[in-house]
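Just below is one structure, and these are the notes that go with it.
The values are calculated or read from the model by the stated rules, or taken from the named source; none is laboratory data. The shown structure was predicted, so the numbers you read here are calculated from the model rather than taken from an experiment. Virtual Cβ from ideal backbone geometry, glycine too; neighbours counted across all protein chains shown. All accessible areas refer to the heavy atoms of the entire protein, side chains included, with ligands and DNA or RNA removed. Shrake-Rupley method; radii C 1.70, N 1.55, O 1.52, S 1.80 Å.
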Amino acid sequence: VEVHPDNIAVIFGEEELTYGELNQRANQVAHYLRSLGVKEETLVAISLERSFELIVGILGILKAGGAYVPLDPEYPEERLRFMLDDTKVPVLITSSVCEERFPYYQGMMILMDDAGTQSTLSQYSELNPTHNTRGENLAYVIYTSGSTGAPKGVMIEHRNLIHYVVWAANTYSTD
């Protein structure tokens with residue numbers, strides 16, 4: 001981001017986001033989430049179709065210090081309900097298209113494609129938030145099918161994710 005802010009970071013269809021633009025948008029989400037009380041170890045669910053908002057949302061959650069819980073909007077309602085009940089997430093990031101999948105959700109719902117949400121986000125800083133995240137803090141919680149048929153949450157810490165990325169980079173390096 002700092003070295004090549006104008007390079008393309010994400011391509012979706014015919015649209016592109018630079019590293020600088022992606023970072024600024026994720027920072028605004030992070031600052032907004034912090035204003036809602038999200039900090040280290042706070043679980044935040046995200047249920048969006050593939051889009052820029054999905055990447056911005058995940059990065060925003062991580063920059064706020066939170067841990068994301070991905071909820072595929074195509075999952076059956078009972079699985080989504082179980083995952084939300086199990087994690088008790090205080091915030092769900094979704095869209096107006098996916099909102100109808102969560103009529104029972106009682107927490108704060110952020111609709112990323114809503115004009116009001118975009119207006120609110122635009123009021124927050126584009127600068128990197130300060131962070132206190134450490135290696136042992138959660139990065140995300142992902143649900144497996146579970147051997148009993150019931151979904152089972154697996155908690156992944158930042159250090160586990162970093163170890164995997166370093167391993168993958170070394171293993172699959174083209175040098």
Checklist entry - Mind checking whether some residue in the stretch 6-15 is modelled with pLDDT of 95 or more, farther than 19 Å from residue 90 by Cβ and in a loop (DSSP other than H, G, I, E, B)? => result yes
Next on the checklist: Which count do you get for residues in the stretch 61-79 that are open to solvent by less than 10 Å² (accessible area, probe 1.4 Å) and more than 18 Å from residue 96 (Cα to Cα)?
Outcome noted: 6
Checklist outcome for this item: Residue pairs qualifying under the 6 Å Cβ cut-off, at least six apart or on distinct chains, with the first in the stretch 1-27 being closer than 22 Å to residue 122 by Cα and in contact (Cβ under 8 Å) with a residue 12 or more places away in the chain and the second being open to solvent by 80 Å² or more (accessible area, probe 1.4 Å) and charged (D, E, K, R), are 18/6; 24/126; 27/126
Next on the checklist: Conditions first: (1) assigned to a helix (DSSP H, G or I); (2) modelled with pLDDT of 95 or more; (3) surrounded by 13 or more Cβ atoms within 10 Å (Cβ to Cβ). Residue 82 passes all but one, so which condition is the exception?
Outcome noted: (2)
Checklist outcome for this item: With the first residue restricted to the stretch 116-137 and required to be farther than 18 Å from residue 94 by Cβ and modelled with pLDDT of 95 or more, and the second required to be among the aromatic types (Phe, Trp, Tyr) and open to solvent by less than 80 Å² (accessible area, probe 1.4 Å), Cβ contacts under 9 Å at 6 or more apart or on different chains are 123/32; 124/32
Next on the checklist: Here are the criteria: (1) of a type in the set (Val, Ile, Thr); (2) part of a helix (DSSP H, G or I); (3) open to solvent by less than 10 Å² (accessible area, probe 1.4 Å). Tell me which single one residue 58 does not satisfy.
Outcome noted: (3)
Checklist entry - Residues of the stretch 121-172 being open to solvent by less than 50 Å² (accessible area, probe 1.4 Å), within 22 Å of residue 66 (Cβ to Cβ) and in a helix (DSSP H, G or I), which ones? => result 121, 158
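Can you name every residue in the stretch 22-54 that is open to solvent by 10 Å² or more (accessible area, probe 1.4 Å), over 18 Å from residue 80 (Cβ atoms) and part of a helix (DSSP H, G or I)?
Within the stretch 22-54, 22, 23, 24, 25, 28, 31, 32, 34, 35, 52, 53 meet the criteria.
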Checklist outcome for this item: The residue from 73, 103 that alone is in a loop (DSSP other than H, G, I, E, B) and touching a Ser or Thr at 6+ places or on another chain (Cβ under 8 Å) is 73
Checklist entry - How many residues does the stretch 59-109 hold that are of a type outside the set (S, T, N, Q), in contact (Cβ under 8 Å) with a residue 24 or more places away in the chain and under 30 Å from residue 18 (Cβ atoms)? => result 21
